[in-house]
1. Identify, please: which residue in region 324-341 is touching a residue at least 24 places away in the same chain (Cβ under 8 Å) and of a type in the set (D, E, K, R) and is, among those, surrounded by the fewest Cβ atoms within 10 Å (Cβ to Cβ)?
2. Failed condition for A389, given (1) under 13 Å from I285 (Cα atoms); (2) free of Cβ contacts under 8 Å to residues at least 40 places away in the same chain, with all others met?
3. Could you list, in sequence order, the residues of region 88-110 that are touching a strand residue (DSSP E or B) at 6+ places or on another chain (Cβ under 8 Å), in a helix (DSSP H, G or I) and surrounded by fewer than 22 Cβ atoms within 10 Å (Cβ to Cβ)?
4. Got at least one residue in region 60-67 being farther than 21 Å from Q253 by Cβ, basic (K, R), at pLDDT 95 or above and buried (at least 24 other Cβ atoms within 10 Å of the Cβ)?
5. Going through region 29-54 one residue at a time, which ones are basic (K, R) and buried (at least 24 other Cβ atoms within 10 Å of the Cβ)?
6. How do the pairs read when you match residues in region 279-301 that are touching a residue at least 60 places away in the same chain (Cβ under 8 Å) and closer than 15 Å to C93 by Cα with residues anywhere that are among the aliphatic types (A, V, I, L, M) and not in a helix (DSSP H, G or I), using Cβ under 7 Å and keeping only pairs 6 or more apart or on different chains?
7. Would you please name the residue that is surrounded by the fewest Cβ atoms within 10 Å (Cβ to Cβ), looking only at residues in region 294-317 that are of a type outside the set (A, V, I, L, M) and in contact with a Leu (Cβ under 8 Å, 6 or more places away or on another chain)?
8. Considering (1) polar (S, T, N, Q); (2) assigned to a helix (DSSP H, G or I); (3) modelled with pLDDT of 95 or more, say which one S85 fails and leave the rest.
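The values are calculated or read from the model by the stated rules, or taken from the named source; none is laboratory data. Values in this document were obtained by computation on a predicted structure and should not be read as measured data. Positions of Cβ are backbone-derived with ideal geometry, glycine not excepted, and every protein chain shown enters the neighbour counts.
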Amino acid sequence: MAAPLSIESPIYQEALRIGRPPNIQKLFPESRALIVSGKYIDKAMLAKGKAIAMAANGRSNFVIRGALLAAQQANACLIIEIARSEGGANAYCAVNYWNIARQVNAACNELGITIPVAIHADHYGIKKESDIEPAKIEIPTVFEAGMTSIAIDASHMPDDLNLLANIALNPCVPAWAGLETEVGEIKGTQGLSSADEALFLIRGLNAHEIYPNWIALNNGTTHGIEASGQGIQVDLTHDIHDALSPYNVSGAQHGTSGNNSDRLREIAARTRTTKANVATALQMISWGLEVNDYGNAILDDDGQFIKRPDEGVLDENWQRMVAYAKEQGWSAGNYKKLNRPFENQLLGQPQAIRDRMVNRVRDFVYNMLVNVFNAADTAPLAIEAIREANGYDPGPNAGQIEAPEDWTETKIRERAASIDSDKGPEGDFDD
């Protein structure tokens, strides 16, 4: 494994000068952090082949720091993200759409991080048509605050409305930014995505000269704690990615927590997946909870989390967190809501405690990057792509194939009516 470039390296300085997008240059003019478009992370994984970038959900400052340190150690590209449910207007985390870039930038400069990092607004959810107009106002603000990539997630709606929402909101996304789209809401074993649905979405976007870097599928996973045992359906994912191959779109794997390492390695080896979200595992690990080797929290016979003594948060703080969750009537799956009310209390712990929280995340992420996602030594590949493009935008991975006249709004609605689509049960499946 190669050592990361030093900050003083002429190659790094060149990438820093030309590779940071305009919003990052404006916000952090003196920064030495290489914050880049999500497009470059996708390109680096494709260049290595059978490699996946971790998209670490930065639910807390501890997770952000631990993930950055691990990526630096592995010389790997990294995505730090926060979803709308986690960090939007009704957030359950203190880290949010509008402060995450500042936290990442500060940590990179403090810790001497020199690997390329993208900052991703995950699951920008559009659940109904009336959500579109407010989104046109809000989405530009997250880029003004330092996002370099976004996932427009209208998968909750029927296929025609999903496509039309993506088209309507695309002018709000800078052309240089990484872009993710989604088909099939993440619901585990129900409402699985199909190749027909995925092709409909990607073909329609292509006709409108919209070229996503990633498409997320419902391929059998759930957000949060994976209890079904179903996990990722690799064959389904492979077949959908194969059908999409003319459009050069990569896969984004959601719901990795709880999927064993062998299954994740198979996703890397057999599909075009270049981005994998890891959220719940990192949260639990930072707190010091007992987890299995792939990050799923272990529960005792009473269905309660097991806190490891002298790891993670102070034991007395954990007791306060458990008591608070009990007062709110929160089950294990809702412990994620502890992030916001307790972030400041945890930041006020002694440095040795904060460090052990960060280091526990670092160790887990490093193993995932190197031994599961095959992402080691992808940082130089992203830097090479920046130098080849001579700028912050490498351009799209695809060109227009579909005829625009075949994908008017009327024809989109007609085409959608012929798709046999199973969206699964109604409900709140946000993470």
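1. K337
2. (1)
3. If the condition is that a residue be touching a strand residue (DSSP E or B) at 6+ places or on another chain (Cβ under 8 Å), in a helix (DSSP H, G or I) and surrounded by fewer than 22 Cβ atoms within 10 Å (Cβ to Cβ), then N105 is the only one that fits.
4. Yes - at least one qualifying residue is present in region 60-67.
5. Let us first name the residues in region 29-54 that are basic (K, R), namely 32, 39, 43, 48, 50.
Hits for region 29-54 are K39, K43.
6. T280/I225; L282/A56; W287/V313
7. For region 294-317, the residue satisfying everything is R308.
8. (3)
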